[in-house]
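Novice: Take this structure first; my questions come after.
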Amino acid sequence: MGRQTTKKISPLLLQISLRVMRHWICIYLQGVDAVKWNLGIQYQMKGVECNSLTVTTAGEVVVWVGTESNTWEIQWYDQQGKLIHTAPSPPQCRHYGEDLSVLAVELGGKQQVALSCWLCQSIWLASQDTRAWSVAWQATGGKGSEERKGQPMPRTMCYGKPGQIIAWNMQGEWKSVSVFDITQIPFRLVVPEMKLGTSAEHLCYCDLPGVGGALAVTDFISDYKLCMFSLDSGELLWTLGGLDEWGEPLKVAGAHWAPQGVCSDNRGRLYVADFGDNRIIVLSAASGSVLQEIKHQHVEDPRYLCWDEQSKSIIVGTLIVGKISYFQIVF
Ligand SMILES: [Zn+2]
């Protein structure tokens, strides 16, 4: 009798323990605080239009910019803002501007820059040493063929789970992402199309306790919202912003917002560039609740954001002005 009771109670105890654990995890997650920050270095890029920004593990900023001579190139800047390398766009790709995006990746211990072109359905790689281009991934089949239409059109990219990158997929309604394994070249397509139901103009990977791999995306094109998805289930975890019944963007932290670049500090916070109200919104990655806003005269038309673990800074890039600003976070 006693044994039977124990057997019945055990799963209940387990369930209670799990609930208590979940409760404490939730408290831990909600406990992410606002941050203190200092303005770090700032510099002007040598270009007229910046359309993508990334940072290497060594702390170099890499941008994809249009030059005064109407060409496009990748530029590498050191931690003092000095231009150290440039590489013109790949000769096989004659597309420019927003059609391409950069992401710094470390492959076999070497710093490289991946450059995606959704029109070429390709991801190119430039080595930091030689600045020579090679193909990391390319859709197969002839132009306009059914075979080609079934494959990703990669635009903006971010890291994913270890050894993976995630790219916004421009096939169909521009509302899905594709996942690539980058542990070998050519990159291997892991998930051709993960439908999100929202565009993912800017995207950022988060590791959320209790959830695992998650993806934050900003939809600036249609719905002015920020969404967090579980990468395992595809489930929508939370949404911030969106449109009201008249199709106007909802207010976020007191103002109409236009969310663009998004990055995570790997300590439970997300940072979002609000192009609409010239500010950086800081929020809890787990719940989507707003913690604070960063307003500064140097946050002007913020478009691109990335997190630099070296300097513990968010690096903010502007589209037209071509200015890079560091905001160092004090933990
Ligand atoms: Zn191209």
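The values are calculated or read from the model by the stated rules, or taken from the named source; none is laboratory data. Keep in mind that what you see is a predicted model, and the values were worked out from it rather than measured. Note that we place each Cβ from the backbone using ideal geometry, even for glycine, and neighbour counts take in every protein chain shown.
Novice: In region 261-303, how many are in contact with a Cys (Cβ under 7 Å, 6 or more places away or on another chain), within 16 Å of TYR224 (Cα to Cα) and touching a residue at least 60 places away in the same chain (Cβ under 8 Å)?
Specialist: The qualifying residues number 1.
Novice: Residue under question is ASP308, and the condition is that it be of a type outside the set (A, V, I, L, M, F, W, C) and in contact (Cβ under 8 Å) with a residue 12 or more places away in the chain; does it hold?
Specialist: yes
Novice: Say we look at region 20-59 and pick out the residues that are of a type in the set (Val, Ile, Thr) and either over 26 Å from TYR326 (Cα atoms) or surrounded by fewer than 13 Cβ atoms within 10 Å (Cβ to Cβ) (or both); which of these is modelled with the lowest pLDDT?
Specialist: The selected residue is ILE27.
Novice: Which condition from (1) farther than 15 Å from SER52 by Cα; (2) among the basic types (Lys, Arg); (3) under 15 Å from the mean Cα position of the chain (by Cα) is the one that ARG267 breaks?
Specialist: Result: ARG267 passes all but (3).
Novice: So, in region 92-104, of the ones that are within 10 Å of the ligand (Cβ to nearest atom) and at pLDDT 90 or above, which residue ends up surrounded by the most Cβ atoms within 10 Å (Cβ to Cβ)?
Specialist: Among them, the one singled out is LEU100.
Novice: Looking at region 302-311 only, could you name the residues that are closer than 18 Å to VAL262 by Cβ and either surrounded by fewer than 16 Cβ atoms within 10 Å (Cβ to Cβ) or hydrophobic (A, V, I, L, M, F, W, C) (or both)?
Specialist: LEU305, CYS306, TRP307, GLU309
Novice: From the residues in region 78-91 that are free of Cβ contacts under 8 Å to residues at least 40 places away in the same chain and surrounded by fewer than 17 Cβ atoms within 10 Å (Cβ to Cβ), which one is farthest from the ligand (Cβ to nearest atom)?
Specialist: Per the stated criteria, the residue is GLN80.
Novice: Let me ask something additional. Inside region 105-142, can you point out the residues that are hydrophobic (A, V, I, L, M, F, W, C), surrounded by fewer than 21 Cβ atoms within 10 Å (Cβ to Cβ) and more than 16 Å from the ligand (Cβ to nearest atom)?
Specialist: LEU107, ALA132
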